[in-house]
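What follows is a short report on a single structure.
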Amino acid sequence: MIPISVCIITKNEADKLEKCLEALHAYPFEIVVVDTGSSDDSKEVARRYTEKVYDFTWINDFSAARNFAAARASHNMIFPVDTDEYLTELDWDALQAEIDRNPKAVGSVRRMDYFETDGERRCQISMIDRIYHRRYYRYDMPIHEALIPLTKDPYRSYTAPVTLDHVGYLGDGKELRQKALRDMELLLLELEKTPENPYLHFQVGQSYLLMRDEENALLYFQKALLYDPDPAADYTHILLYNYGHLLLEHGRAGEASFLPAYYEHYRDNMDYLCLTGLYYLHQNQPLKALTEFVNALSASGGDQADKREPSYYIGYIYELFGKTDIARTHYQNCGADYAPAAEALTRLDSRPPQ
């Protein structure tokens, strides 16, 4: 067996830490917990699950804390987990086989990011590089830290059979605002050093979005796009999705004209295709919109848009064209529990017979 050390940094989140550790305890991990200054009983909770509990004086640097935790582990294979992440799926034997095949690569885990929009809980799926060998990688950047190689070998990753639930974006407005302000302080310091870094502008926009400050989120998303983010980067499609939707919601569809330019990069991504379809609808181009929603039905990628959304909008466009029988079929394909389609079917049923 290849031994793996789970490394957690935490502060004043005893309840979440308990749930996090309870989920991990079912597997043969070594658990390392690093506390960065809790005033609650976080360390007492941690000691119920591991003897390896350490203190780290906070220096406004998440990478420093993560590297400190990895250095206290007994094993070279490190799996960092945040306090607000709960392990929900893990195929231990398959993970062992992947690590054995990819000893110098980084394991990318599936993370379910839960958030609320207009009182409705939604989920965004992210693939996060997490499982690594500490002789080959370490963390860099004080905020939204990333793994960097320690050798001349190229950075490689593989898909690990691991799923985490992330609840850090759920909670009351005050709690979310405090978290966003903490992150933003560090992000703005980094932006002073590299003001043309699109990733940092994106993350500041995300922080404003977390605080429900959509005007400032729009401003920083716009700046991120101006600095030409790499379409292959993990965050770029999220930037397009969040920025594009905010522009449409604020009646600024004309400013979303950048969307079609990314078609070659995201032509198989349902999120992108649905957003582009909505853009064309706002531009009063329903035939172009219809093409995008039809393509979205068979797209293999995507993690934010509801999988019923393409069928709904196909029905909506056919209803615009007066093709109510076709519209009805697509609304029904959404299922009875999809509220927009249910409302549309009620509307069709209330029409007088032709």
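The values are calculated or read from the model by the stated rules, or taken from the named source; none is laboratory data. Because the structure is a prediction, the values reported are computed rather than measured. Please note: Cβ atoms are built from the backbone with ideal geometry, for glycine as well, and neighbour counts cover all protein chains shown.
Does the stretch 302-312 contain at least one residue that is farther than 24 Å from MET127 by Cβ and either surrounded by 15 or more Cβ atoms within 10 Å (Cβ to Cβ) or modelled with pLDDT under 95 (or both)?
yes
Which of the residues belonging to the stretch 43-70 are over 28 Å from GLU190 (Cα atoms), touching a residue at least 12 places away in the same chain (Cβ under 8 Å) and part of a loop (DSSP other than H, G, I, E, B)?
Passing the criteria: ARG48, TYR49, THR50, LYS52.
Which ranges mark the strands (runs of 3 or more DSSP E) fully within the stretch 97-140 that have 2 or more residues being among the basic types (Lys, Arg)? Full working, then the answer.
Values: elements: 106-117, 120-133, 137-140.
Passing ranges, in order: 106-117, 120-133.
If a residue has to be polar (S, T, N, Q) and farther than 21 Å from GLY251 by Cα to count, how many in the stretch 274-303 make the cut?
4
Quick one: count up the residues across the stretch 172-193 that are within 26 Å of GLU22 (Cα to Cα) and in contact with a helix residue (DSSP H, G or I) (Cβ under 8 Å, 6 or more places away or on another chain).
Summing the residues that are within 26 Å of GLU22 (Cα to Cα) and in contact with a helix residue (DSSP H, G or I) (Cβ under 8 Å, 6 or more places away or on another chain) in the stretch 172-193 gives 2.
Would you check if there is a residue in the stretch 86-101 being over 18 Å from MET1 (Cβ atoms) and at pLDDT below 95?
No, there is no match, as no residue in the stretch 86-101 is over 18 Å from MET1 (Cβ atoms) and at pLDDT below 95.
Could you please find all residues in the stretch 266-275 being more than 14 Å from LEU239 (Cα to Cα) and either assigned to a helix (DSSP H, G or I) or not assigned by TED's automatic domain parsing to the domain that holds LYS323 (or both)?
Hits for the stretch 266-275 are MET270, LEU273, CYS274.
Quick check on my filter: what residues within the stretch 88-102 are in contact with a strand residue (DSSP E or B) (Cβ under 6 Å, 6 or more places away or on another chain) and either surrounded by 16 or more Cβ atoms within 10 Å (Cβ to Cβ) or among the basic types (Lys, Arg) (or both)?
LEU90, LEU95, GLU98, ASN102
Name the residue, out of ALA105, ALA70, that is touching a helix residue (DSSP H, G or I) at 6+ places or on another chain (Cβ under 9 Å), modelled with pLDDT of 95 or more and buried (at least 17 other Cβ atoms within 10 Å of the Cβ).
From the options ALA105, ALA70, the qualifying one is ALA105.
Just the residues that are among the acidic types (Asp, Glu) and assigned to a helix (DSSP H, G or I), please, taken from the stretch 320-340.
Selection gives ASP325 alone.
Checking the conditions here, which among GLY244, GLY322, GLY315, GLY251 is in contact with a helix residue (DSSP H, G or I) (Cβ under 9 Å, 6 or more places away or on another chain) and free of Cβ contacts under 8 Å to residues at least 12 places away in the same chain? Steps first, please.
Numbers: GLY244 fails: free of Cβ contacts under 8 Å to residues at least 12 places away in the same chain; GLY322 fails: in contact with a helix residue (DSSP H, G or I) (Cβ under 9 Å, 6 or more places away or on another chain); GLY315 fails: free of Cβ contacts under 8 Å to residues at least 12 places away in the same chain.
Answer to the check: GLY251.
Only one of TYR262, TYR280, TYR243 is over 21 Å from the mean Cα position of the chain (by Cα), in a helix (DSSP H, G or I), under 30 Å from GLU319 (Cα atoms) and not hydrophobic (A, V, I, L, M, F, W, C); which?
TYR280 is the lone residue from the list that is over 21 Å from the mean Cα position of the chain (by Cα), in a helix (DSSP H, G or I), under 30 Å from GLU319 (Cα atoms) and not hydrophobic (A, V, I, L, M, F, W, C).
If you take the residues of the stretch 177-225 that are modelled with pLDDT under 90 and not in a helix (DSSP H, G or I), which of them is surrounded by the most Cβ atoms within 10 Å (Cβ to Cβ)?
MET211
So in the stretch 16-42, with the set limited to residues that are in a helix (DSSP H, G or I) and of a type in the set (D, E, K, R), which one is farthest from PRO3 (Cα to Cα)?
Filtering the stretch 16-42 for residues that are in a helix (DSSP H, G or I) and of a type in the set (D, E, K, R), the one farthest from PRO3 (Cα to Cα) comes out as LYS16.
So that you can scan it fast, the table gives a plain yes or no per residue for (1) among the hydrophobic types (A, V, I, L, M, F, W, C); (2) closer than 30 Å to TYR227 by Cβ:
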{"residue": "ASP268", "(1), (2)": "no, yes"}
{"residue": "ALA289", "(1), (2)": "yes, yes"}
{"residue": "VAL294", "(1), (2)": "yes, no"}
{"residue": "GLN304", "(1), (2)": "no, yes"}
{"residue": "SER311", "(1), (2)": "no, no"}
{"residue": "GLY315", "(1), (2)": "no, no"}
{"residue": "LYS323", "(1), (2)": "no, no"}
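Mind checking which pairs have a first residue in the stretch 11-40 that is at pLDDT 95 or above and a second that is in a helix (DSSP H, G or I) and basic (Lys, Arg), Cβ under 8 Å, 6 or more apart or different chains?
As it stands, the answer is VAL33/LYS43; ASP35/LYS43, since those pairs meet every condition given.
How many residues are surrounded by fewer than 20 Cβ atoms within 10 Å (Cβ to Cβ) and in contact with a strand residue (DSSP E or B) (Cβ under 6 Å, 6 or more places away or on another chain) if we restrict to the stretch 50-66?
So the count comes out to 6.
If ASP228 satisfies all but one of (1) in a helix (DSSP H, G or I); (2) touching a residue at least 12 places away in the same chain (Cβ under 8 Å), what's the number of the condition it fails?
(1)
For the stretch 149-167, state whether one or more residues are among the hydroxyl-bearing types (Ser, Thr, Tyr), surrounded by 12 or more Cβ atoms within 10 Å (Cβ to Cβ), over 17 Å from ALA69 (Cβ atoms) and touching a Pro at 6+ places or on another chain (Cβ under 6 Å).
yes
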